[in-house]
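The values are calculated or read from the model by the stated rules, or taken from the named source; none is laboratory data. In this text the structure is predicted, and so the values were computed from the model without any measurement. Backbone-built Cβ (ideal geometry, glycine too); neighbour counts: all protein chains shown. Protein only, heavy atoms only, side chains kept; ligands, DNA and RNA dropped before computing areas. Shrake-Rupley method; radii C 1.70, N 1.55, O 1.52, S 1.80 Å.
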Amino acid sequence: MDFNFTKKQHLLKQTIDEFCEKEIVPYADDIDHEQIFPEKQIKLLSKMGIMGMSIPKEYGGAELDNVSQTIIMEAVSKACASTSVTMGAHTSLTCFPLVAYGTKDQKQRFLPKLASGEYLGAFALTEPNAGSDASNVETTAVKDGDEYIINGSKIFITNGGKADLINIVATTDKSKKHHGISIFTVETKKAKGFEIGKKEDKLGLRGSNTNEIIFKDMRLPKENLVGGIEGMGFKIAMGVFDSGRIGIGVQGVGIAQAAFDKALQYVNEREQFGRKLAKFQAMQFYLADMATRIEAARLLCYKAAFIKDQKKKYAQVAAMAKLYGSEVAMYCSRLSLQIHGGYGFIKDYPLERFYRDAKITEIYEGTSEIMKLVIAANLLGKGF
Ligand code: COS
């Protein structure tokens, strides 16, 4: 057993931490307050090869292991969760399914553009009647010669209004339920019948783009069916979420760490009743509770990434990492805000941003309740 990063991973952590401190942290409040899409930050991440981190070298990617990808997700999330979700929807939800399940032709056509940052990606499953109940998608894909005709709409899609390429989940045969679900890749600028709908105004992650997207008789070549076989979509989506959940767990850890760091600084500066806050036992207990939970959540996330790197089954530990990482984000952002008192409640300090950003980690890529179902299903013998 070895809890150390490799030399390469350690160097990567140093590099990404320094980058985030310089290029992301100073802009994070503005990104949130002014709802600025973090395009500049994403461009810089592309230049560093990070938008292609999950893509094999032969397609222009950096081909990083999952532990390294988790290091990056934690660092960017600590700096700015709006930026990290924009990045994660691309590297994890978009690139991962094409890498893991795409045909050779799909990899050749799409991965180099996603790796270089020429294309920003998104993944679209959620609909008004399909969220937790992922198999209930109503968007249809009907085969017509060498094409599929797609009709329907998707809501709450991260990067939906900005993406150049979106993997969309549709039903090719509703009577087969989840066995009739397929995933199609759409290049949004080329597709007729692709429309951008309502942009959401959110509690947190206010710099990230969350959009409705609409398909009206949108025609796609049959070569854009991910994996080339109809009915594989539900299993692919489940695989994508299993993997993505490590990222959301560690996004929670990043937010929690950012909140904790501010608390640690504040208790050493702020004086009340003639003493630094750090001298009060109540504050010491808060710090100890936060630090312990952050460390436990972090270990779960890196364990999940490590197991994925070992090519072993990881759905259960990924769900645990997401469940606990998101709870710790909520816990630490609330406590750190409490320690800051009134200062935590105003926009001059980032505490209220952390508090708002933390909430979504308990909801997207599977709610905490769904995580418990996944964990229980694995405990009871499903074993993905
Ligand atoms: N990996 C591979 N296959 C999986 C899987 C996984 N992690 N989980 C389920 N499956 C397969 C099962 O093996 C089953 O296949 P067969 O019918 O061929 O045997 C099939 O999928 C259906 O499984 P199950 O009956 O367990 O599916 P449910 O419809 O009950 O749904 C949950 C299972 C709830 C886990 C799933 O719908 C889910 O993850 N929902 C949350 C989706 C989500 O995260 N939404 C948020 C999107 S916003 S980013």
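Summary table below
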{"read-out": "Given (1) within 14 Å of the ligand (Cβ to nearest atom); (2) of a type in the set (G, A, S); (3) outside any strand (DSSP E or B); (4) closer than 27 Å to G207 by Cβ, index of the condition A122 fails", "value": "(3)"}
{"read-out": "Residues that are open to solvent by 10 Å² or more (accessible area, probe 1.4 Å), closer than 16 Å to D164 by Cα and more than 15 Å from the ligand (Cβ to nearest atom), drawn from the range 69-107", "value": "K107"}
{"read-out": "Test for K312: is it within 16 Å of the ligand (Cβ to nearest atom), modelled with pLDDT of 95 or more, open to solvent by 80 Å² or more (accessible area, probe 1.4 Å) and of a type in the set (D, E, K, R)", "value": "yes"}
{"read-out": "Which listed residue, of G244, G197, is in contact with a helix residue (DSSP H, G or I) (Cβ under 9 Å, 6 or more places away or on another chain) and not in a loop (DSSP other than H, G, I, E, B)", "value": "G244"}
{"read-out": "Subset of the range 228-253 [of a type outside the set (A, V, I, L, M, F, W, C), within 10 Å of the ligand (Cβ to nearest atom), under 16 Å from D173 (Cα atoms) and touching a residue at least 12 places away in the same chain (Cβ under 8 Å)]", "value": "G231"}
{"read-out": "Subset tally (residues that are assigned to a strand (DSSP E or B) and either more than 10 Å from the ligand (Cβ to nearest atom) or open to solvent by less than 80 Å² (accessible area, probe 1.4 Å) (or both)) for the range 127-180", "value": "25"}
{"read-out": "Matching residues, the range 365-378, being surrounded by 23 or more Cβ atoms within 10 Å (Cβ to Cβ) and under 16 Å from the mean Cα position of the chain (by Cα)", "value": "E365, G366, M371"}
{"read-out": "Residue in the range 276-298 that is open to solvent by less than 70 Å² (accessible area, probe 1.4 Å), at pLDDT 95 or above, over 17 Å from G247 (Cβ atoms) and in a loop (DSSP other than H, G, I, E, B) present", "value": "yes"}
